[in-house]
1. Could you give each residue of the stretch A:966-980 its phi-based ³J(HN,Hα) in whole Hz, using Karplus coefficients 6.51, -1.76, 1.60 with θ = phi - 60°, and x for Gly or Pro?
2. Return the whole-Å distance between the Cα centroid of the stretch A:709-788 and the Cα centroid of the stretch A:882-959.
3. Between residue A:209 and residue A:711, what is the FRET efficiency for a Förster distance of 56 Å, r being their Cβ-Cβ separation, to the nearest 0.05?
4. Along the three principal axes, how long is chain A when you take its alpha carbons, biggest first, rounded to the nearest angstrom?
5. Give me the percent of DSSP beta bridges within chain A that run antiparallel, rounded to the nearest 5.
6. Relative to the longest principal axis of the C-alpha atoms of chain A, give the angle of the C-alpha long axis of helix A:407-416, reported between 0 and 90° and rounded to the nearest 10°.
7. Can you give the Rg to Rh ratio for the stretch A:145-193, taking only C-alpha atoms and Rh from Kirkwood?
8. What does the extension gain come out to for residue A:106 and residue A:946, with contour length at 0.36 nm per residue minus their alpha carbon separation?
Amino acid sequence: MDYQFKDIEQKWQQFWADNQTFKAEDKTTKPKYYVLDMFPYPSGAGLHVGHPLGYIASDIFARYKRLKGFNVLHPMGYDSFGLPAEQYAIQTGQHPAVTTEANIATYRRQLDQIGFSFDWSREVRTSSPDYYKWTQWIFMQLFNNWYNKDADKAQSITKLIEHFESNGSAGVNAVCDEEVSTFTANEWKAKSANEQQKELLKYRLTYLRESTVNWCPALGTVLANDEVKDGFSERGGYPVEQKKMMQWSMRITAYAERLLKGLDKIDWPEPLKEMQRNWIGKSTGASVKFPIESQESRIKSQEYIEVFTTRVDTIFGVTFLVIAPEHELVAELTTSEQKAAIDAYIVQTKKKSELDRMADAKTVSGAFTGSYVLNPLNGEKVQIWIADYVLAGYGTGAVMAVPSGDQRDYLFAKHFNLPIVAILDTQNIETEADPTKEGKYINSDFANGLGYKEATAAIIAKLESLGLGKAKVNFRMRDAIFGRQRYWGEPVPVYFKEGLPHLISESDLPLLLPEVDKYLPTESGEPPLGRAEGWKHPEGEYELSTMPGWAGSSFYWYRYMDAHNNKEFASKEAIAYWKDVDLYIGGSEHATGHLLYSRFWNKFLKDIDLVIEEEPFKKLINQGMIQGRSNFIYKIGYSVSYPPVYDGEDDTIFDKRSNESDKILPQILISKKWYNEYLSNKNYRKFLYDFLRDEFLKNIQQNSTDASMYNGAFIDEDIFKVIPTHVDVNIVENDILNIKKLRGSRKDCQNAIFILEDGSMSYPTNPGKDGTYICGVEIEKMSKSKFNVVNPDDLIARYGADTLRMYEMFLGPLEQSKPWNTNGIEGVFKFLRKFWRMFHNEAWEFTVSGAEPTKAELKSLHKIIRKVEEDVERFSFNTSVSSFMIAINELTDLKCNNRKVLQDLVIVLSSYAPHICEELWVMLGNEAGTLSYATYPKFNPAYLVEDEFVYPISINGKTKMNLNISLSLEPKEIEEFVLANADVQRYLDGKQPKKVIVVKGRIVNMVV
RNA sequence: GCUCAGAUGGUGGAACUGGUAGACACGCAGGACUUAAAAUCCUGUUCCCGUUAAAGGAGUGCGGGUUCGAUUCCCGCUCUGAGUACCA
């Protein structure tokens, strides 16, 4: 029988499901290998052709590893809490759980069709209570721990309490809130329970904090920094504003250094690591206190302004100080003379949105407060300014300005006429700042004559001795806000009593998401959970915000290890066996979100001895984005004008004919070539216009009931134009429009006239014979509105899953972003048919021979055995698909029909095209279902040994001819052989080569 | 601005350590089979010049360099994509 992919694929998908073929063993002597995909959010739109790209790659890898004797864990699940389901719920009243369930069913059906070797027995869903029980449980562990800097790890909060009880706050070196109190052991014991809790909250790894948050009024929730893009929400694109709110936060900053260092030990793409490094944003420098000069009594609250600088060596070049307009001391520092100017400036900055502020980066603006600080090292008076180039949220919100070394400071000084002092003998500050570190210091007191390193050390030492500064490391990364004012997320397992948060009892987990009547905030502005009736802890009110989207995805790979455990998130044994993820495949868009938070939670879980590895994902691959490839048809746009008609009564223009003119004249669509002609050629434009006008007149004659109605009607030559319009890519093949289908699918094109590529016309009544209509092409994001979504279901129905799998790999390197293009899929399909035919005779009867394989056959086979090994190990899937084609082409040419060769070939190909291989495997007489655990054939280099090589003979590096030479010859002999050749002599034209380079087994090059 | 990735035929791409550039596939052209179409098979296909066949020449974004030899290494530039940004 011919290759019946439909039957074969259905049959084996059913078989795998029935037999749980891909269920991973927990107890086995085989080495483990954990292949993980980023689990999807089940959106309502279902999968498009770009989604499975990474899944196909990981599936090939997983199947390959099984053949290589590994116990492979390859699970799948759903990140099923999230905003879209809730937005949909708000609009329709449909419970998010219901839509999520339906979407998951679609996803599952689509995934199953592609023939993935997932172990579905371990499926997880973040929105299911037996899963989010553990999300809540980990939250509780974070609440019960603090970060001990001395131990450089998280520790139980009870240890901290013990410390307070015996030593008070002395000797605690923690990552904690800034305003912790100091107390003795006795003072601690004297505190009330509530006071103690209040203090402890400042240390916990998850804690409440009044923080400025990204508030999105349209979504009614707080967003994380990585969910905000240019002042708009990433999802939906709604405006985001800054607002102060009490929020749950995660002390991820405690792990900043470890998150940074860990990057050096993991095999991730360099760009992705770089993104995380930038996000963490470590800068090494010093914090320096500038004493506020306070002859006046108005400055009371603080004696110093603290700044952070990475160039403390330039401190003698400080000529002014700039603080952010939002800085807490602004009001106090402003003198009465300057008040008007400062107030005006603040008003001006507040008006500017984030976007304006960025776009406006080049304009210098600021205002003088009227106050001064003293340079801590030389006591000089330094003006204090405010300016919006200093950000309140970074460092201390204040900078020491060194115009000689910093370009922004330089521009500022020039603009406001402030002094600029050179501090290095090599500095050239005529026209711009010079940030160089070379040269010797000048104008720098005790640092004069020193180099950069010595000066920095000396200045820090001096500042430390004065108690006015110290070396400091600053991170850009902030603590992560851990609450959303939304419904469809994990409830926070906390209740409030007397204004203080308390964990619920562990035995009460999971804290179930309650039912609400509406998915909107309450009338009083509380989150939707405020609507839940009777939802109350015996001791107090539950927390009403839910956890953010990244909570559930920050440990899910552990849950797969032991998905049904209801005593632990995963058993000690399971974690000890599976340890970590060996290969993780997913998109780079999660670089600073999911991937960073996951590493953070993993490190925390390691600290409290629940997991083994410091890093969760050993190797990570980013699959590229698949873009859409839109097709266009070119419509002629026109409007019909009429001479004015007056109805006689009140001189108003009356005209009902224009409504009809659309029906009179059908659409005219021109092929791509003619569109280009239209753009560049005036004469063609004229031709088109004439054609349009003639058609119009002709149609009036033929179709109008009253042709006289159109007397004087004309088409305005200036207004008429050709408009590219999206056309559904599914009725276009190789950019050739299927005219029939277009007529059928779009009413406005039903009677359209097509001007075809060869210049002929296609009418509904006379479709034209040979001409084709070529569509235009553009690469855009895949989306419904652009009619460029290609759905895997359609392709599978037409070509089968094996073809789709191989074609997606054939498209190009996995990590590269590329537009989807169905044009080449036929080639892959033909390849599989050719492969199928190798097992069959002319009459499509299964026939293989038992003869011993020939040398040539073995050579082809072993070439592909090695090639696939090499390619899969370096994730170069596209090149193995080509190599398969080469192998099959070679073996077909050899008329190979040999069982021994074909059986090994089936194993090698099975990770790419599992269905067809399973079928052939059984036809070859093997037991059904054993292919997935067969042994990958052993590569034997002996079959590839050659005794001759076709040497390219080149002269001055240009290849001129080829010579077949025995590989047993040494370079000297080769040289003689080549020079003796008559053709070579002809090329040399009697000349003696200056030099002959012979590389054995590679090339012969002669220099003339 | 900064950081990173990339640029190869009509198209997707291959060339792994410097060694025959364009594998494999699509598309296109021609042919075979067929009453015809589909399917299948065969041949050709980087460009220029040219021919009966040839023989030349150019060529991996641009300009230079190292080398017997560069898509590959080095320097400078252009363009495209991604990330990021008054980060002190």
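1. 4, 6, 7, 6, 8, x, 4, 5, 4, 4, 4, 4, 5, 5, 7
2. Distance between centres, Cα-based: 46 Å.
3. The computed FRET efficiency comes out at 0.10.
4. For chain A, the Cα extents along the three principal axes come out at 101, 100, 84 Å.
5. For chain A, the DSSP antiparallel bridge percentage is about 80.
6. Approximately 60 degrees, to the nearest ten.
7. Result: Rg/Rh = 0.95.
8. Using 0.36 nm per residue and subtracting the Cα-Cα distance, I get 297.1 nm.
Throughout, read-outs are computed from the coordinates displayed, never taken from laboratory work. What you see is a predicted model; the values in this text were computed from it and never measured. FYI the Cβ positions are ideal-geometry reconstructions off the backbone, even for glycines, and counts take in every protein chain you see.
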